[in-house]
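Have a look at the structure below before the remarks.
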Amino acid sequence: MLTQNATINLVELQQVPILKEGENLPGDFALWIFIFAEMLVFGVLFVAYAFTRANNVELFNASQLTLSRTSGAINTLVLITSSYFVVRGVAAIKLGLSKQCADWLMGAFLLGGVFISIKIVEFHAKFAADISMSTNAFYMFYLSLTFFHFMHVLMGMVILASIIVKARRGAYNAQHHTGVETGASFWHMVDFLWIILFPLIYIIR
Amino acid sequence: MKYKSQAVAKLYFIAAIGLFLGQILFGLIMGLQYVVGDFLFPAIPFNVARMVHTNLLIVWLLFGFMGASYFLIPEESETELFSPKLAIITFWVFLAAGAITVLGYLLVPYASLAKWTGNDLLNTMGREFLEQPLPTKVGIVLVALSWLFNITMTMLKGRKTAISLVLTLGMLGLAVFFLFSFYNPVNLVKDKFYWWWVVHLWVEGVWELILGAMLAFVLIKVTGVDREVVEKWLYVIITMTLVTGIIGTGHHYYWIGTPVYWQWWGSVFSALEPIPFFMMTVFAFNMVNKRRREHPNKAAVLWALGTSVMAFLGAGVWGFLHTLAPVNYYAHGTQLTAAHGHLAFYGAYALVVLTMISYAMPIIRGRAANPERAQIMEMWSFWLMTVSIFFITLFLTGAGIVQIWLQRISTTPMSFMAVQDQISIFYWAREAAGVVFLIGLLLYITSFFVKGESKAFE
Amino acid sequence: MSATFTKSMARNVFYGGGVFFFLLFLALTFDTMKVLPTRDNSQNITPAVAHGKKLWETNNCIGCHTLLGEGAYFAPELGNVYVRRGPDFIKAWIKGQPTGVPGRRQMPQFNLSDADIDDVVAFLKYASEINTNKWPPNIEG
């Protein structure tokens with residue numbers, strides 16, 4: 001249920017201020033090629049997870065209990081909030097408010113940092129317990145998927161940071177802000193993937 | 001020709017074609033040895049013929065890449081080559097090193113060659129495609145550095161376009177990843193792991209940057225389509241190449257002692273490797289359809305379109321056929337791999353070099369395009385070579401599928417050699433297709449000597 | 001492609017994507033190197049194995065055979081030949097080449113000493129004990 005609600009929220013959030021007339025996708029088409037490619041990779045991995053789990057239900061259930069649901073849930077809230085900040089940032093630049101845009105994105109950036117920190121603590125706990133991708137099939141998927149996603153968050157933060165710097169310099173305005181929308185699309189994708197990842201790996205039994 | 005120094009490319013192209021011919025002749029010898037096992041034994045054992053066949057391939061492609069960049073970079077940078085003299089010296093050094101190495105393979109037992117060339121100092125020889133003696137390997141590094149230096153200096157003093165940037169980046173990657181050929185640990189798993197950093201990261205990584213840049217250059221020239229459009233496509237395509245290809249290396253890490261998770265990482269990412277090739281096909285046809293002029297060099301357009309299609313088929317489709325771990329479990333190390341190797345190398349790399357030669361050679365020889373008759377002959381050679389390599393691929397695929405069945409799936413598996421006897425019909429057919437390929441190549445070479453009225457520059 | 005997508009953005013995506021996936025590849029490589037000792041049979045690498053590997057390389061065995069599925073496809077897989085044929089057969093085979101049977105594929109005579117052949121066998125034994133995720137599918141390779 002959480003997945004569904006969150007997805008709907010995300011869609012609603014995206015739709016409110018972003019769509020201009022005659023434009024279907026915010027940001028740029030080429031970036032959407034990459035976003036679709038990324039979704040495809042994650043999609044395949046999610047399906048692979050589901051099939052492998054179906055064959056090893058007990059192992060997966062037992063291993064799943066060792067994950068910290070609390071930190072996963074906190075991270076979900078953190079990312080959803082950050083996505084909201086990004087939406088506000090885009091809305092701000094559409095009104096030509098560079099400063100506000102940069103501030104909202106800064107908020108999202110900092111929340112990205114919170115996500116990363118919590119995730120590092122989680123990874124550290126697993127590595128300290130001598131758990132690796134070679135431990136069993138569940139941890140293989142858990143570590144692969146979350147680490148791959150983790151790197152996407154880092155990437156998203158790099159993108160946000162460069163947009164913040166440019167926004168502060170006044171490089172965007174109400175008419176020209178494709179860069180902001182493109183970065184925002186990437187960040188929403190990262191958020192969206194986590195919203196699927198979290199219940200899939202941490203919760204569903 | 002806009003810049004005098006572009007003419008050095010001619011030397012490189014001639015050498016490339018000559019070595020290509022050598023490669024094909026040795027390919028035919030090997031093809032015959034597949035069915036007449038003692039052919040030319042012990043004068044040229046199979047392993048020696050194979051070494052010559054694959055090493056000549058690599059060397060002629062490198063000659064092609066270098067020649068192409070000496071032609072392309074001055075034109076893109078709008079300035080003369082930094083040092084034509086260095087390019088000529090590098091050419092002769094590389095040609096001499098290549099010739100001596102091949103003669104060494106043919107005339108000296110490999111073990112003696114290894115002993116005499118300092119393999120005891122640093123073991124690097126005797127690994128597939130990296131059989132070159134230590135001095136040759138060092139030579140390759142020096143040649144690559146000289147090439148890189150010359151090109152970079154040219155670019156720095158002139159215009160910096162995306163095409164020349166991508167080409168240079170590809171060459172830099174080529175030089176850097178080749179350094180892993182000097183790392184050969186006793187631990188077989190590590191040896192194989194880093195061996196792929198040369199082989200895979202070359203052909204499914206940085207070489208594709210070179211390929212993309214060369215194709216983009218020719219397409220701009222023959223179609224007159226806006227540079228901005230072409231270069232954007234180029235970036236998008238090579239992004240997908242690196243996104244899929246780097247982790248795609250994992251499809252070589254299924255069965256060589258590396259962890260199980262590579263089966264997932266490798267399968268997922270390498271399954272996406274056809275995407276950039278597909279985009280390249282769409283891109284090439286799109287550009288030609290939107291052309292703003294009719295370039296008199298029809299042959300070059302054919303080679304360029306051929307590259308995009310055959311690269312997609314060979315690298316994309318045939319690669320995908322056996323890239324998923326559960327399939328590769330049965331297909332690994334069979335004739336199916338050989339089938340993929342042949343079509344991919346021809347479609348992606350041989351063809352892109354021939355595309356560049358087809359576009360550049362007439363210009364170097366002082367005309368916009370070759371005489372009509374020469375072009376027709378050149379196009380015939382394209383079809384002969386392309387169709388015959390496609391049949392070689394089909395026959396090897398057939399051989400591979402039967403081999404997999406008899407040797408690995410059947411409940412009463414047959415031994416390797418027993419299976420080879422069963423599939424000899426495929427090998428005979430492959431050899432016949434190989435002969436047609438040779439005819440196509442000879443026709444190609446002949447086309448350079450056809451005289452007639454040629455189109456002057458507009 | 002839409003006009004708002006500038007070339008410089010395409011370039012940034014290229015550099016970003018390239019660096020991203022190379023870093024990911026390095027991370028996976030790092031993990032692989034950590035896990036390898038449990039799988040690669042390196043505890044059994046003796047001077048004989050090392051010398052055997054060198055002989056394997058300097059006689060260009062990979063020019064005809066495959067080893068763990070990689071190499072030429074002209075002659076049998078040798079990653080599991082130690083299990084398939086056993087040491088004595090391998091030694092006798094290497095010594096007995098070439099067979100000289102007309103029309104059959106020929107393996108050269110490499111003039112190795114008995115000690116050398118022992119080392120080649122030691123190398124093949126080591127190779128056969130690497131954890132290859134159950135490849136090849138059966139003993140025939």
Subject >> Cβ charges +1 (Lys, Arg) and -1 (Asp, Glu), total dipole of the protein assembly as shown, debye >> reply: 1260 debye
Original post:
So how far, in whole Å, is the C-alpha centre of region B:188-233 from the one of region A:82-108?
Top reply: 38 Å
**OP:** Arrange the following residues from fewest to most other Cβ atoms within 10 Å of their Cβ: B:Leu11, B:Leu343.
**Re:** B:Leu11, B:Leu343
Original post:
For C:Met33, B:Met414, B:Met310, B:Met377, what's the fewest-to-most ordering of other Cβ within 10 Å of each Cβ?
Top reply: C:Met33, B:Met414, B:Met377, B:Met310
Subject >> Shielding by other protein chains, B:417-427, mean Cβ within 10 Å >> reply: 1
Original post:
Expressed as an acute angle from 0 to 90° and rounded to the nearest 10, what is the orientation of the C-alpha long axis of helix C:7-35 relative to the principal long axis of chain C?
Top reply: 40 degrees
**OP:** Principal axes first, then extents: for the Cα atoms of the protein assembly as shown, list largest minus smallest coordinate on each axis, whole Å, largest first.
**Re:** 82, 73, 45
Original post:
With a sphere of radius 10 Å drawn around the Cβ of A:Leu67, what net charge do the other residues whose Cβ falls strictly inside it have (Lys, Arg +1; Asp, Glu -1)?
Top reply: +1
Original post:
Check C:Glu77: other-chain or 5+ apart residues with amide H under 5 Å from its amide H, H built from backbone geometry?
Top reply: C:Thr66
Original post:
Taking the alpha-carbon set of region A:47-205, what are its Rg and Dmax in Å?
Top reply: 17.9, 56
Original post:
Taking the alpha-carbon set of chain B, what are its Rg and Dmax in Å?
Top reply: 21.6, 69
Subject >> For C:Asp88, net neighbour charge (Lys/Arg +1, Asp/Glu -1) across residues whose Cβ lies under 14 Å away >> reply: +3
**OP:** Can you tell me the dipole magnitude for chain C around its Cα centre, using point charges on the Cβ only (Lys, Arg +1; Asp, Glu -1), in Debye to the nearest 20?
**Re:** 420 debye
**OP:** Using only atoms on other chains, find how many Cβ atoms lie within 10 Å of each Cβ of peptide B:230-237 and report the average.
**Re:** 5
**OP:** Output the pairs from B:Lys192/C:Lys53; A:Lys94/C:Lys7; C:Lys54/C:Lys91; A:Lys166/B:Lys157; B:Lys190/C:Lys34 with a Cα-Cα distance over 21 Å in this structure; if there are none, say none.
**Re:** A:Lys94/C:Lys7; A:Lys166/B:Lys157
Original post:
If you count, for every residue in C:74-85, the Cβ atoms of partner chains within 10 Å of its Cβ, what is the mean?
Top reply: 3
Original post:
Can you put B:Tyr253, B:Tyr329 in order, fewest other beta carbons within 10 Å first?
Top reply: B:Tyr329, B:Tyr253
Subject >> Positive-pole candidate from B:Phe193, B:Ala429, B:Thr154, dipole of chain B, charges at beta carbon >> reply: B:Thr154
Subject >> Estimated dipole of region B:1-160 in Debye, rounded to 20 [Cβ of Lys and Arg +1, of Asp and Glu -1, Cα centre] >> reply: 400 debye
Subject >> Angstrom value of the Kirkwood radius, inverse mean 1/r, which spans all Cα pairs in region B:358-458 >> reply: 16.2 Å
Original post:
Going through the DSSP H helices of chain B, which span 15 Å or more along their own axis at the Cα atoms while scoring at least 1.0 as a mean Kyte-Doolittle hydropathy?
Top reply: B:8-35, B:84-107, B:134-156, B:162-178, B:207-223, B:227-248, B:274-289, B:298-311, B:351-364, B:372-404, B:424-447
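If packing is taken as the average number of other Cβ atoms within 10 Å across a peptide's residues, how do C:96-103, C:46-53, C:83-90 rank, most packed first?
Ranked from most to least packed, the peptides come out as C:46-53, C:83-90, C:96-103.
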**OP:** Please compute the net charge surrounding B:Asn55, taking Lys and Arg as +1 and Asp and Glu as -1 over other residues with Cβ under 11 Å from its Cβ.
**Re:** -1
Subject >> chain C: calculated mean residue ellipticity at 222 nm from DSSP helix runs of at least 4, using -39500 (n - 2.57) >> reply: -16500 deg cm²/dmol
Original post:
Where does helix A:69-94 land angle-wise versus the long Cα axis of chain A, in degrees 0 to 90, nearest 10?
Top reply: 10 degrees
Original post:
Could you work out the helix-only [θ] at 222 nm for chain A, with each DSSP H run of four or more residues adding -39,500 (n - 2.57) and the total divided by the number of residues, to the nearest 500 deg cm²/dmol?
Top reply: -27500 deg cm²/dmol
Original post:
For region B:324-401 and region B:89-148, what is the separation of their C-alpha centers, rounded to whole Å?
Top reply: 27 Å
Original post:
Can you list the lysines whose alpha carbon is less than 17 Å from that of B:Lys290, not counting same-chain residues fewer than 8 positions off?
Top reply: B:Lys221, B:Lys232, B:Lys298
Original post:
Against the longest alpha carbon principal axis of chain A, how many degrees, from 0 to 90 and to the nearest 10, is the axis of helix A:29-55 turned?
Top reply: 20 degrees
**OP:** Determine, for each peptide in B:46-56, A:175-185, the mean count of other beta carbons within 10 angstrom over its residues, then list the peptides with the highest first.
**Re:** B:46-56, A:175-185
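Coordinate-derived values only; no laboratory data. Because the structure is predicted, anything quoted here is derived from the model rather than measured. Heads up, the Cβs are rebuilt from the backbone with ideal geometry, glycines too, and the neighbour counts pull from every protein chain shown.
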